[in-house]
Structures are given as structure tokens and as C-alpha cells.
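The values are calculated or read from the model by the stated rules, or taken from the named source; none is laboratory data. Keep in mind that what you see is a predicted model, and the values were worked out from it rather than measured. Virtual Cβ from ideal backbone geometry, glycine too; neighbours counted across all protein chains shown. We work out accessible area using only protein heavy atoms, side chains counted, and drop any ligands, DNA or RNA first. Shrake-Rupley method; radii C 1.70, N 1.55, O 1.52, S 1.80 Å.
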Amino acid sequence: MAHQSPAGTGGAHKPQTKVIWRTFWILFFITALEFVIAFTMASGPLRVAIFVGMTLVKAFYIVAEFMHLKGEVKTLMWSILIPLVFVVWLIIALLVEGGAIYEVR
Amino acid sequence: MSAPTVVTTTPSEMTDRKTSIWDGGNEPLKASYGKLMMWFFLLSDAFTFSALLITYGLIRFSHPAYNPKIHGPFAFSQEYWPIPERVFDAVPFLHGYHLPLVFVGIMTFVLIMSSVTMVLAVEAGHRNDRNDVEKWMLWTLLGGITFLGCQAWEWTHFIHGTEEGAMVRSMVNGNWVENQIFGASLIINQYGPPAFADLFFFITGFHGTHVLSGVVLNGLIFYNTAVGVYERRGHYEMVEKVGLYWHFVDLVWVFVFTFFYLV
């Protein structure tokens with residue numbers, strides 16, 4: 001993968017937009033697929049899992065390609081990504097809590 | 001106790017030391033101050049949005065879910081959490097049609113598209129191509145403003161409600177009273193439990209505020225580009241920094257779209 005932007009060398013002055021449009025089409029098709037699933041599949045845990053998975057794929061492409069985190073130094077990448085494990089903890093804690101509130105109401 | 005060690009350094013060692021990573025003046029993350037601070041701000045903002053969306057999950061899980069076996073055919077009710085695609089099924093100029101998620105799909109497309117034009121502006125900045133940066137920043141601005149307009153319409157529709165409204169039982173002076181209500185506010189909600197409307201206003205509102213400030217920042221960047229500030233400076237890094245913010249706004253929408261509209 002060309003993570004070092006060729007434009008940065010200053011030599012080429014032609015637009016380097018191939019990766020950008022490829023990422024756009026990936027995001028577009030995943031979103032279109034989400035619509036198809038929303039109308040053809042009965043709601044349930046499996047559908048939720050598929051939606052969450054597709055959302056994470058879209059998030060990966062936005063952060064890695066558009067925000068260019070993929071091309072940054074590894075230390076920077078991990079110092080942004082590792083703190084997000086707290087979000088995972090919060091999801092587990094609060095969803096369990098929500099279920100518990102439902103039980104006692 | 002040992003005697004303090006005397007460190008003797010020869011001049012050649014002094015010059016070696018200068019290149020040590022502990023002597024300061026390094027850029028271990030190979031990114032400018034502004035870009036780093038933008039990343040860490042976005043990390044903190046990610047926590048804020050996560051908290052809001054997870055709160056949505058908590059409150060939704062603490063309410064009964066719609067179950068066709070118990071509740072029969074779907075109708076708006078205070079008894080259970082609504083199905084989002086039944087709530088968001090209106091499109092401007094197509095009054096009376098049931099078009100679930102079509103409008104929010106258009107909004108999603110607009111925001112992804114403006115993210116693409118933003119990254120094209122950043123790419124043009126790497127080439128120091130002022131005209132291209134101006135062009136793509138204008139498209140990005142247009143996308144942002146279109147999204148805000150769509151959101152304003154969606155809020156208006158959500159607040160005004162459907163033609164039928166919904167019958168809601170409430171306790172007034174010790175008696176049960178049935179009222180017909182239309183739309184939603186922070187205390188009443190025709191589509192379901194009031195918390196659903198509260199979360200809608202909070203989450204999409206907080207995201208919309210981000211889009212608005214993003215549009216303002218993009219406008220500033222466009223202005224600075226147009227008057228040649230970055231050309232004189234010799235680089236277009238500001239476009240990149242504000243671009244990070246704009247992509248983050250798009251990223252948040254991807255999650256809002258999934259957890260508020262799809263699931």
C-alpha cells in the first residue's frame with residue numbers, strides 16, 4: 001500500500017485520487033447493502049450483528065483512508081486506538097445495566 | 001552508601017549525546033502539534049459520542065421491545081420502544097407515502113460525499129494546487145449545508161408529527177385522561193416513550209452542532225485559501241487538520257445511522 005503520499009515528494013503534480021474513490025465506492029456499497037438487509041431480513045440478533053460489523057468496516061475505511069491514520073507512525077495510531085477499549089467496557093457495563101433496569105421495572 | 005558517581009564526558013561524547021532521543025527536539029509521533037492536538041481532541045469527542053450512543057442502548061434496553069406476538073400489528077405506543085424505520089419514513093414533497101429510511105439514506109450519502117470532497121481538497125493541498133483546494137472546499141461546504149438543511153427538515157417533521165397523531169393516556173388531577181398528541185417534544189412523544197424523542201434530539205442535535213461548527217471551520221479554510229493565506233505560508237496543513245474534524249463528523253454519523261435508524 002502506498003501509505004507515503006506520492007504527492008508529498010513534490011515531483012508529481014497530477015491528482016492522486018484512485019485510493020480516495022475506491023474508498024468512496026466501498027463506503028457506498030456497504031451502505032447500499034445495509035439498506036437491502038434492512039428491508040429483506042427479519043430483525044434479530046443476527047441482523048444487529050451484521051449491522052454492527054458493517055459499521056465497523058465503514059469506520060475502519062474512514063479512519064484509515066480518509067483520516068489517514070494508516071499512514072501515521074505506529075505510536076500515534078495506537079495512542080488513538082488503545083484508549084477506545086474504555087468504550088468497549090462502557091458498552092458492556094451499560095447494556096447489562098439497561099437489561100437489569102428493565103427486569104426490576 | 002556509595003559515593004556519587006562522577007560522570008566524565010569527553011567532547012566527542014557530548015556531540016553524540018546531542019543526537020540521543022532523550023535530548024528533546026524530537027518528533028516521536030512525526031506529526032505537527034496542531035495535528036496531534038486535533039487527534040486527541042477527536043479521541044475525547046469520540047468518548048462523548050460513545051457515551052451518548054451507549055446511553056441510547058441503556059435506555060432502550062430498559063424499555064420493553066416491540067413484539068408482534070404480544071402487541072399485535074405495529075402501531076406507535078408508549079408501551080414499547082418504536083421501530084425506527086416506522087418513525088423515519090417521510091420524505092420532503094412526498095407527503096403521505098411510506099418511504100422508510102429513504103430520506104436518512106440521502107442524508108448519509110450527502111455526508112459521505114462531502115467527506116470525499118474534503119479528502120480531495122486535502123489531496124489538492126498536498127499538491128499546493130490553490131484552485132483545486134478552493135473547488136473541493138466549496139463542494140464540501142455545499143454538502144455540509146445540504147446535510148444541515150435536511151436535518152432541519154427532519155427535526156421539523158419529527159416535532160410536528162403525523163396527521164393521525166397518537167392517543168396517549170395520562171394522569172391529570174387523579175383521573176386518567178386520553179389525549180390526542182401530535183409529534184414529539186422533550187416531554188411528549190407520539191412515536192413511543194418520551195425518552196426516545198429526548199435521545200433523538202440529544203444525539204442528532206449534538207451531531208448537528210458538530211456539523212454546524214464543521215461548516216464554519218470549512219468556511220474559514222475556504223476563505224483563507226481564497227485570499228492566499230496558505231499559498232503564502234507554503235503549505236496547506238490547515239486543510240488537513242480541519243479535514244480530520246470533518247471526517248470525524250462523518251464517522252460519527254455512520255454510527256448514529258446504524259444505532260439510531262437501522263438497529
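Before moving on, here are some points about what is shown:
- Probe 1.4 Å, protein heavy atoms only - accessible area per residue of the protein assembly as shown in square angstrom: 54 Å²
- Estimated purely from DSSP H runs of n ≥ 4, each contributing -39500 (n - 2.57), the mean residue ellipticity at 222 nm for chain A is -21500 deg cm²/dmol once divided by its residues.
- Based on Cα contacts under 8 Å between residues 6+ apart, chain A shows a relative contact order of 25 percent.
- The distance separating the Cα centre of the range B:215-263 from that of the range A:55-105 comes to 21 Å.
- Chains A and B, summed buried accessible surface - 1.4 Å probe, Å², nearest 100: 4300 Å²
- Distant-in-sequence amide contacts of B:Ala184, defined by a placed amide H-H separation under 5 Å and a gap of 5 or more residues or a different chain, comprise B:Ile159, B:His160, B:Gly161, B:Gln190.
- Taking every C-alpha pair closer than 8 Å and separated by at least 6 residues, the mean separation divided by the residue count of the range B:156-237 gives a relative contact order of 17 percent.
- Counting only DSSP H runs of at least 4 residues, each contributing -39500 (n - 2.57), and dividing by the residue count of chain B, the helix-based mean residue ellipticity at 222 nm comes to -20500 deg cm²/dmol.
- Kirkwood estimate for chain B, i.e. one over the average of 1/r between Cα atoms, Å: 22.1 Å
- Of the chymotrypsin sites (Phe, Trp or Tyr not before Pro) in the range B:179-238, the ones in a loop by DSSP (not H, G, I, E or B) with at most 15 other beta carbons within 10 Å are B:Phe182.
- Remark: the range A:46-105 projects, on average over all directions, an area of 5.3 nm² (convex hull of Cα atoms).
- Percent of Cα pairs exceeding the 17 Å cut-off, where the set is the range B:41-140: 72 percent
- Taking a straight Cα-Cα cut-off under 30 Å and skipping sequence neighbours fewer than 8 places away in the same chain, the lysines within cross-link reach of A:Lys14 are A:Lys58, A:Lys70, A:Lys74, B:Lys30, B:Lys35, B:Lys135, B:Lys241.
- Ordering A:Val48, A:Trp25, A:Val87 by Cα displacement along the dipole of the protein assembly as shown toward the positive end leaves A:Trp25 in first place; charges were set at the Cβ atoms of Lys, Arg (+1) and Asp, Glu (-1).
- Gyration tensor (Cα) of chain A, equivalent ellipsoid semi-axes in angstrom: 36, 22, 7
- Theoretical FRET efficiency, 1/(1+(r/R0)^6), r = Cβ-Cβ of B:Tyr33 and B:Ala65, R0 56 Å, to 0.05: 0.70
- Here is the tail figure for the protein assembly as shown: Cα pairs spaced more than 31 Å apart come to 45 percent of all pairs.
- Given +1 at the Cβ of Lys and Arg, -1 at the Cβ of Asp and Glu and no other charges, the dipole of the protein assembly as shown around its Cα centre is 620 debye to the nearest 20.
- With 5 Å bins from 0: P(r) over the range B:30-74, alpha-carbon pairs, percent: 5, 18, 12, 13, 11, 9, 9, 7, 6, 5, 3, 3
- Using only side-chain charges placed at the Cβ, +1 for Lys and Arg and -1 for Asp and Glu, the dipole size of the range B:84-262 relative to its Cα centre rounds to 340 debye.
- Of the DSSP H helices in chain B, those with a Cα length along their own long axis of 27 Å or more and a mean Kyte-Doolittle hydropathy reaching 0.0 comprise B:33-61, B:102-126, B:130-160, B:194-226, B:237-256.
- Candidates B:Gln78, B:Ser185, B:Gly24 compared by Cα position along the dipole of chain B: farthest toward the positive end lies B:Gly24, with charges placed on Cβ.
- Residue mean of other protein chain beta carbons inside 10 Å, B:32-40: 2
- Only protein heavy atoms count here; under a 1.4 Å probe, A:Ser79 has an accessible surface of about 40 Å².
- With Cα atoms, 0 to 90° folded angle of helix A:45-61 axis to chain A main axis: 20 degrees
- Here B:Val177 and A:Phe60 are evaluated by their C-beta separation; at R0 = 56 Å the FRET efficiency comes out at 0.60.
- Whole-percent carbon and sulfur share, accessible surface of the protein assembly as shown, 1.4 Å: 68 percent
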